Amino acid sequence: MTTTTYLSVILLFIGCSVYGQQKEQPSLEGSWMGKANAKDLSLEELVLFRFEKKNNSIKGYMDFPDKRLKDIPLDKVWMVKDSVFADARKSLGWPESAPLIFKGRIMPGDSIIDGVWGGERHLEVRRTNYVFTLKTNLNPALAGYKIIKLIESTPIKDQQVTGACWSFATTSFIETEAIRLKKKAVVLSPMFFVRPTYINKAENYIRRNGSSAFGEGDLTFSVLKAYKEYGAIPEMVYPGKNGSDTKYDHSEMNIALLEKAKYYSQSHGNLTPALYMKDMDDILTQTLGKVPATFVYEGKVFTPKTFATEMIGINPDDYVEITSFSHHPFYTKFVLEIEANWNNNYYLNLPLTDFNSVIDDALLHNYSVCWDGDVYEGLNNGFAVLDSNKIITQQIRQAAFDNRTTEDVHNMHIIGMAKNQKGEPFYILKNSSDGKDCGGYLYMSKEYLLLKTISVMVNKNAISKAIVKKAGNNL
């Protein structure tokens, strides 16, 4: 080989290497943090993106440290050469016409993404090692508060990146009822109840041509229905995580389920319940894993049905959801008008004084209470407290429901009562979400409970004879 030829080969190799390096897609994995460049706007705050590769795709989450919000999933993240695109319209509840949450370009050096937030606001994010964490209170006792009543219950659960608070809260309620019935404490799988609920909800959505609610939100009724039909299973047997996943994350599953439900709701001809139920079940299995038909627990073989009968022992028909709204007659049952009530379940309607009495009497007599209500206002740092201490009347409560400042947002589990140094009453709740630093045990004021509660579920035996008599056959 001549010197000229040798140099040409070297130059060609160098040129190919440089060209290959230029074509290599920059890395997106890791954490990126910045602040939106906008004044007097609610979204002008610290934003933390976290990206990871999973199954040959990019998975992304958003944290908002200023608002104490963590693990908001991005619907989709993708790259075109050095440009990054992130969609969060579904997870944020935005319309399809809304812009992407973020788009930007990774700058040379691979440490800055220069982009646009929400379609119009400049946002430059930089690589960071900062890890945002939220506080979880694992002790129900708080300094300055005297516990009046605390019902024995099971450990705190974490719903993580799911909207399954309804199943986590009701599962905790069932576990606690089993303890009250002198059964050995057992931690149940909330995801076992999520599976049949999604399939039932899909059938309802498809049969109604897409005019019914279909999303993560649901109610205690669905857990009791699943328990009655299928039984229960320990979490250690069925954790509801497929493979080696260590975190509950239903963001991709929810998108896939909704798309499939929409497809079948618009289909005609070759359509059977068996067909779409199988498709839904397959999507659920990809994320939650397959439920075992039999399993061994403490050396004995069970099915979910026999486990529920022998190890839990509750009767799902012993429970009732109670609410308090004046747009329906009191001491009667009605179908509560909230989106999650897709199955048209009935609630017993009581005046506010009786409603409050049922909760207090139940707790004092060792019956815990499952809670459904609003947490958009006054939830922070382990407390749910209103800004003002005004007396909550039936009229004020009704107005809040009518004007939608009290909505069906979250489910928790009430297990106790406490008082502060002024003698003001609080309720002790188990919370499955750590948003706003309210993970673990949470203290809720009586005013908050009376205004922000949509409904509670209690054992019928916890209701006083006087209220039972007023309700008559409606109970």
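The values are calculated or read from the model by the stated rules, or taken from the named source; none is laboratory data. Every value quoted in this text rests on a predicted model; they were computed, and no experiment measured them. Cβ placement follows ideal geometry from the backbone for every residue including glycine, while neighbour counts extend to all protein chains displayed.
Does region 450-467 hold any residues that are closer than 25 Å to P316 by Cα and over 20 Å from the mean Cα position of the chain (by Cα), and which are they?
V458, N459, K460, N461, A462, I463, S464, K465, A466, I467
Output the number of residues of region 221-272 satisfying the condition of being surrounded by 14 or more Cβ atoms within 10 Å (Cβ to Cβ), over 17 Å from P190 (Cα atoms) and charged (D, E, K, R).
3
Could you please find all residues in region 424-471 being among the aliphatic types (A, V, I, L, M) and without any contact (Cβ under 8 Å) to a residue 12 or more places away in the chain?
The answer is A466, V468.
Quick one: in region 73-99, which of the residues that are within 25 Å of Y248 (Cα to Cα) and without any contact (Cβ under 8 Å) to a residue 24 or more places away in the chain is surrounded by the fewest Cβ atoms within 10 Å (Cβ to Cβ)?
Only one residue fits best here, namely G93.
When both residues are 6+ apart or on different chains and their Cβ atoms are under 7 Å apart, which pairs have a first residue that lies in region 309-328 and is at positive phi, and a second that is surrounded by fewer than 15 Cβ atoms within 10 Å (Cβ to Cβ)?
Close Cβ pairs satisfying both conditions: G313/L181.
Step by step: first the residues of region 358-374, then only those that are part of a loop (DSSP other than H, G, I, E, B) and not small (G, A, S), then the one that is farthest from K149 (Cα to Cα). Which residue is that?
D374
May I ask you to say which residue of K135, K184 is surrounded by fewer than 21 Cβ atoms within 10 Å (Cβ to Cβ) and at pLDDT 95 or above?
Only one candidate qualifies: K184.
What about I106, is it aliphatic (A, V, I, L, M) and without any contact (Cβ under 8 Å) to a residue 40 or more places away in the chain?
Here the answer is no, as I106 does not meet what is asked.
Please determine, by comparing only the residues of region 138-175 that are basic (K, R) and over 16 Å from the mean Cα position of the chain (by Cα), which one is surrounded by the most Cβ atoms within 10 Å (Cβ to Cβ).
Top of the filtered list is K149.
Among (1) modelled with pLDDT of 90 or more; (2) not in a loop (DSSP other than H, G, I, E, B), where does L28 come up short?
Just one mismatch for L28, condition (2).
Taking strands (runs of 3 or more DSSP E) that do not extend beyond region 250-357, which have at least 3 residues that are farther than 30 Å from N459 by Cα and assigned by TED's automatic domain parsing to the domain that holds E235?
Hits in region 250-357: none.
Does I113 qualify as being at pLDDT 95 or above and crowded, with 20+ Cβ neighbours inside 10 Å?
Considered against the rule, which asks whether it is at pLDDT 95 or above and crowded, with 20+ Cβ neighbours inside 10 Å, I113 comes out as yes.
Has region 218-233 got any residue that is in the same structural domain as S267 (by TED's automatic domain parsing), closer than 18 Å to T287 by Cα and not aliphatic (A, V, I, L, M)?
Scanning region 218-233, I find no residue that is in the same structural domain as S267 (by TED's automatic domain parsing), closer than 18 Å to T287 by Cα and not aliphatic (A, V, I, L, M), so the answer is no.
Taking region 189-214 on its own, how many of its residues are touching a residue at least 60 places away in the same chain (Cβ under 8 Å), over 23 Å from K300 (Cα atoms) and within 20 Å of the chain's Cα centre (by Cα)?
Of the residues in that region, 10 qualify.
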